[in-house]
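**Student:** Right, I'll just put the structure down here and ask away after.
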Amino acid sequence: MLKTKVHGIAGSIACLIIATFWTSTVLVELTGSAESVALVKRCIIWGMGILIPSLILTGVSGRILGRSSEGNLVTKKKKRMPIIAFNGLFVLLPSAIFLDRWASSGQFDSAFYTLQAIELLAGAMNLFLIGSNIRDGLRLTGKLAVFPVSRISAIVFMISMLSVTSGKAESIFQENDHCVAYRTEKEMFFMANVEVIGKNCQVDFKSQWSDQKDQVTFEVTVPIHSFDSDNSKRDTEVSEILNADKYPHLRFTSASLSVDELKTIGETGKGEVAGILEFAGSSFPIKFPLTISTTANISLIEGKLVTSFSTFKISPPRVGIGGMIADTKDYLEILLHLRLDRLGNLQEIIKSGIQ
């Protein structure tokens with residue numbers, strides 16, 4: 001009786017620890033900084049001090065119990081245990097050690113994400129196998145008569161994926177922001193869609209008028225390194241993709257606009273501005289739809305350009321083999337939220353149209 005309890009407790013502890021490792025790894029990849037990833041990897045190393053003994057105790061106690069038991073369920077449990085032990089000792093433990101070292105040194109490269117993908121697969125496999133053994137153990141003790149799938153594995157998996165799935169952000173900008181942003185989506189583990197937003201409030205605006213003062217072009221510039229997505233690792237990757245060390249700014253230069261066109265935008269509350277978007281040493285013609293909104297405290301120019309990475313000759317980023325961990329969709333929104341009171345003398349002209 002005692003051996004049965006020890007076997008069940010050890011197996012449950014191992015299952016719970018693996019589920020915790022798996023879920024925390026996924027969540028920190030979605031929402032955490034590089035420092036948070038490193039902390040989770042270090043905690044996993046500490047947890048291995050409990051997981052490995054639990055797996056060994058589960059295997060030893062199961063072998064002892066199996067000597068006095070026969071049947072199809074016992075045979076299945078015995079066949080699963082070598083796979084569980086191999087994954088634990090030769091996949092999960094070495095993976096945890098290497099990932100901890102790499103995360104501590106800031107080495108978040110393809111090798112890191114490939115090994116992490118392997119670790120997650122091995123963890124999911126062990127979670128299912130241990131859960132199946134717990135199910136069959138309950139059947140053997142008569143506490144569970146019919147159970148077609150491993151409920152423990154299924155419940156843990158569902159909770160994990162519900163935690164991973166992220167809803168749409170209700171609001172990117174605060175009312176008083178003078179900022180730009182990007183928004184895209186990525187698919188995590190081939191099933192969970194997660195919204196990614198990067199915001200940049202270090203906006204520089206310049207305007208240049210014609211000699212007759214009837215035409216104007218304006219320039220909006222932001223430093224690429226200042227985009228903030230609440231994930232420093234992701235922000236570093238964005239800077240690398242856009243070659244920010246060599247080309248540190250993203251710049252939009254408008255085509256010439258007449259005073260009458262500016263007034264019309266103010267009168268109608270909407271318009272479209274053509275121009276050139278420059279980054280990473282390349283230039284792309286775009287047309288940006290704009291709207292004017294006015295509150296009691298402030299007037300804003302807002303805009304949303306719906307486009308794609310491929311339009312700008314960028315390959316959507318992937319993490320893991322074949323994008324298994326994260327596969328960014330070929331979808332991109334460029335968003336504006338600019339305060340009229342920070343646009344120089346354009347404010348007076350547009351506001352004259354509003355009034």
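This table checks each residue for (1) within 28 Å of the chain's Cα centre (by Cα); (2) assigned to a helix (DSSP H, G or I); (3) modelled with pLDDT of 85 or more.
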| position | (1), (2), (3) |
| --- | --- |
| Lys3 | no, yes, no |
| Val6 | no, yes, no |
| Ile9 | no, yes, yes |
| Ser12 | no, yes, yes |
| Leu16 | yes, yes, yes |
| Trp22 | yes, yes, yes |
| Val26 | yes, yes, no |
| Leu30 | yes, yes, no |
| Leu39 | yes, yes, yes |
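**Student:** Name the one entry in Ile18, Ile52, Ile97 that is among the β-branched types (Val, Ile, Thr), within 16 Å of Leu127 (Cα to Cα) and surrounded by fewer than 19 Cβ atoms within 10 Å (Cβ to Cβ).
**Tutor:** Going through Ile18, Ile52, Ile97 in turn, the sole match is Ile52.
**Student:** Give the number of residues within the range 241-282 that are of a type in the set (A, V, I, L, M, F, W, C), in a loop (DSSP other than H, G, I, E, B) and within 30 Å of Glu35 (Cβ to Cβ).
**Tutor:** Of the residues in the range 241-282, 3 are of a type in the set (A, V, I, L, M, F, W, C), in a loop (DSSP other than H, G, I, E, B) and within 30 Å of Glu35 (Cβ to Cβ).
**Student:** So Ile9 fits all but one of (1) closer than 29 Å to Lys233 by Cα; (2) surrounded by fewer than 20 Cβ atoms within 10 Å (Cβ to Cβ); what number is the exception?
**Tutor:** Among (1) closer than 29 Å to Lys233 by Cα; (2) surrounded by fewer than 20 Cβ atoms within 10 Å (Cβ to Cβ), the lone unmet condition for Ile9 is (1).
**Student:** Filter the range 92-132 down to residues that are assigned to a helix (DSSP H, G or I), hydroxyl-bearing (Ser, Thr, Tyr) and at pLDDT 85 or above, then give me how many there are.
**Tutor:** Residues in the range 92-132 being assigned to a helix (DSSP H, G or I), hydroxyl-bearing (Ser, Thr, Tyr) and at pLDDT 85 or above: 4 in total.
**Student:** For Lys263, are the conditions met, namely being over 30 Å from Asn345 (Cβ atoms) and either at pLDDT below 90 or touching a Ser or Thr at 6+ places or on another chain (Cβ under 8 Å) (or both)?
**Tutor:** In short, no.
**Student:** Can we say Gly62 is touching a helix residue (DSSP H, G or I) at 6+ places or on another chain (Cβ under 6 Å), crowded, with 20+ Cβ neighbours inside 10 Å and modelled with pLDDT under 80?
**Tutor:** It is true that Gly62 is touching a helix residue (DSSP H, G or I) at 6+ places or on another chain (Cβ under 6 Å), crowded, with 20+ Cβ neighbours inside 10 Å and modelled with pLDDT under 80.
**Student:** Step by step: first the residues of the range 102-122, then only those that are touching a residue at least 40 places away in the same chain (Cβ under 8 Å) and surrounded by fewer than 17 Cβ atoms within 10 Å (Cβ to Cβ), then the one that is farthest from Leu39 (Cα to Cα). Which residue is that?
**Tutor:** Per the criteria, the residue is Thr114.
**Student:** Also: Test Arg135 against the stated conditions and say whether it is surrounded by 13 or more Cβ atoms within 10 Å (Cβ to Cβ), modelled with pLDDT under 85, in a helix (DSSP H, G or I) and not acidic (Asp, Glu).
**Tutor:** When the stated conditions are applied, Arg135 passes them.
**Student:** Filtering the range 211-240 down to residues that are in a helix (DSSP H, G or I) and of a type in the set (Val, Ile, Thr), which residue is surrounded by the fewest Cβ atoms within 10 Å (Cβ to Cβ)?
**Tutor:** Thr236
**Student:** Still on this structure, I have one more. Residue under question is Phe252, and the condition is that it be closer than 21 Å to Asp330 by Cβ and surrounded by 17 or more Cβ atoms within 10 Å (Cβ to Cβ); does it hold?
**Tutor:** no
The values are calculated or read from the model by the stated rules, or taken from the named source; none is laboratory data. Because the structure is predicted, anything quoted here is derived from the model rather than measured. All Cβ positions, even for glycine, are placed from backbone atoms using ideal geometry, and neighbour counts span all protein chains on display.
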